[in-house]
Amino acid sequence: MEIMHKASSSLSCKISFFPSPDNIDSPRTLATPFRHSSASSNSQLQQLQLNRSKDYRPARSPLRCTASDSVKRQEMAGKDGQEPRIQKISSAIRVIPDFPKPGIMFQDITTLLLDTKAFRDTIDLFVERYKDKDISVVAGIEARGFIFGPPIALAIGAKFVPMRKPNKLPGEVISEEYSLEYGTDKMEMHVGAVEAGERALIIDDLIATGGTLCAAIRLLERVGVHVVECACVIELPELKGRERLGDKPLFVLVNGA
């Protein structure tokens, strides 16, 4: 008999029970009661124990649960389906097929922003996770990281630092180049926005291939900032962006379609 149990949105445990071959389609037998009344009692007991040791087989195998390493490492707010706010957030995100080009399933968070309860729950889940982690910098990646980053920063008492595309910041900048599917791009941050030794959270709405998050990590670490974690509302697991982050923790709320 096999039971499939969903432990989370992407983790399944397979539990198998294997009956003993000796017990299949055969009636159970009861051991003859042993009476301690004759001189041969000791020898009878020894023989009974010997027979049991020869014939005994476990009635069922141990429970087995298997999962891929990437799933074991994954951090989700809705673990084991115990967080009721996650379903509301997930259902508030609209998926638009073939945008901005054919084959793309666009994760539209504008519908999440229209739902005040789901939007508040999104911010609250991040705040609950990071309020006691001594974070002094919330770095938001352009552009939708600018939506979620500032309210999180205010709630946990951190400053918000925008990580922008080239030629968007007016002051002196430090930049980091990263690869795209076709070509390269840059991410920039104002010089002096952060200080060595500060603890940072990087926030964006979605992780796909992980290129922009990697660039943000490198940019902050170049100036001596400790990146505590990256956080996104949505993850597209099939694009394996998490793997590009190496050992840097990633926290997400929902998996995209």
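The values are calculated or read from the model by the stated rules, or taken from the named source; none is laboratory data. Given the structure is predicted, the values throughout are model-derived calculations rather than measurements. Note that each Cβ is placed from the backbone with ideal geometry, even for glycine, and that neighbours are counted across all protein chains shown. Heavy atoms of the whole protein, side chains included, go into the accessibility calculation; ligands, DNA and RNA do not. Shrake-Rupley method; radii C 1.70, N 1.55, O 1.52, S 1.80 Å.
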When segment 165-180 is checked residue by residue, the ones that are under 17 Å from residue 194 (Cβ atoms) and under 28 Å from the mean Cα position of the chain (by Cα) are 176
With segment 170-257 as the region, which strands (runs of 3 or more DSSP E) entirely inside it contain at least 3 residues that are among the charged types (D, E, K, R)? 184-190, 199-207
How many residues are within 18 Å of residue 126 (Cα to Cα) and open to solvent by 60 Å² or more (accessible area, probe 1.4 Å) if we restrict to segment 161-172? 0
Just one of (1) closer than 30 Å to residue 96 by Cα; (2) open to solvent by less than 50 Å² (accessible area, probe 1.4 Å); (3) not hydroxyl-bearing (Ser, Thr, Tyr) trips up residue 248, so point out which. (1)
Residues 106, 126: which one is surrounded by 12 or more Cβ atoms within 10 Å (Cβ to Cβ), assigned to a helix (DSSP H, G or I) and at pLDDT 95 or above? 126
For the list (1) under 20 Å from the mean Cα position of the chain (by Cα); (2) in contact (Cβ under 8 Å) with a residue 60 or more places away in the chain; (3) not in a loop (DSSP other than H, G, I, E, B), I need the number of the one condition that residue 133 fails. (3)
